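One structure below.
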Amino acid sequence: MRWWESSVGGPVRGRIIALLRRQERSVEELASELGVTDNAVRAQLQALEREGLVHQSRVRYSGGVGKPATMYAIPMEAEPLLSAAYAPVLRALLESLDERLSKRELDTVLRDVGRRLADQSSGDANGVKQLEARVRAAAALLSSLGAELDVERITGGWKLRGYACPLSDAVRTEPKVCCAIEELVAGVTGAEVRECCDHEGTHRCCFEIKRTA
């Protein structure tokens, strides 16, 4: 059983997701396949819509008498949330790169990844003059990616102290993955950043952001 079939609000919601991944369906069609009432399906669909996992794709007109049917589907942007492939694929990719590239080349590649992520994600921090606000924007971005961290004031700047790592599986394979996040934080804050992550036991993110002269 795939994780979301039992974890996204219970087995009924999981089964709805499985059915909608195959093709769009109406409330009545879902209720028939699940053996539950239309109202039960509507309640589950409303919850899934709030989570962004389901949307109303179109209205189907039958050409006959009666109200047209609203069709539901999985939005394209929700598909990555339902995949468990990213972590093992990333881990295998890092192992392959580590075998083929020198340490310097691997470091360069991972830092380029971080800069690309920053270019895609730093819109909210653009134009923000205060460094602290940009640091908090970087913290919010990392949190949205799965990090659990605090923003601490230190001498000459700030520290993002983490209690978990959103890329722990990849970091376990290649600690230099943290360089990508270091470049991401640097790109968002526009400041000097030093990675000081804990790679022992439970991986924990840690980045020091220093004011530049």
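The values are calculated or read from the model by the stated rules, or taken from the named source; none is laboratory data. Since the structure is predicted, the reported quantities are computational estimates derived from the model, not experimental observations. Cβ sites come from the backbone with ideal geometry, for glycine too, and all protein chains shown count toward neighbours.
For LEU82, the conditions (1) over 17 Å from the mean Cα position of the chain (by Cα); (2) within 30 Å of VAL27 (Cβ to Cβ) all hold with the exception of (1). Of GLY156, GLY162, all but one fail to be closer than 24 Å to ARG211 by Cα, modelled with pLDDT under 95, buried (at least 20 other Cβ atoms within 10 Å of the Cβ) and small (Gly, Ala, Ser); the exception is GLY162. Scanning the range 24-65 for residues that are without any contact (Cβ under 8 Å) to a residue 40 or more places away in the chain, closer than 18 Å to MET76 by Cα and part of a loop (DSSP other than H, G, I, E, B) yields GLY52, VAL54. Filtering the range 21-77 to residues that are closer than 21 Å to PRO11 by Cβ and of a type in the set (Val, Ile, Thr) leaves VAL27, VAL36, THR37, VAL41, VAL54, ILE74.
Does the range 159-177 hold any residues that are in a helix (DSSP H, G or I) and either touching a helix residue (DSSP H, G or I) at 6+ places or on another chain (Cβ under 6 Å) or charged (D, E, K, R) (or both), and which are they?
ASP169, ALA170, VAL171, ARG172, THR173, VAL177
Can you say whether LEU167 is of a type outside the set (Ser, Thr, Tyr), within 20 Å of the chain's Cα centre (by Cα), in the same structural domain as ARG104 (by TED's automatic domain parsing) and modelled with pLDDT under 90, as far as the supplied structure shows? It is true that LEU167 is of a type outside the set (Ser, Thr, Tyr), within 20 Å of the chain's Cα centre (by Cα), in the same structural domain as ARG104 (by TED's automatic domain parsing) and modelled with pLDDT under 90. Residue check: GLY146 meets all listed conditions (1) under 22 Å from LEU94 (Cα atoms); (2) in contact (Cβ under 8 Å) with a residue 24 or more places away in the chain but one, namely (2). Checking each residue in the range 72-122 for being assigned to a loop (DSSP other than H, G, I, E, B), of a type in the set (S, T, N, Q) and surrounded by 14 or more Cβ atoms within 10 Å (Cβ to Cβ) picks out no residue at all.
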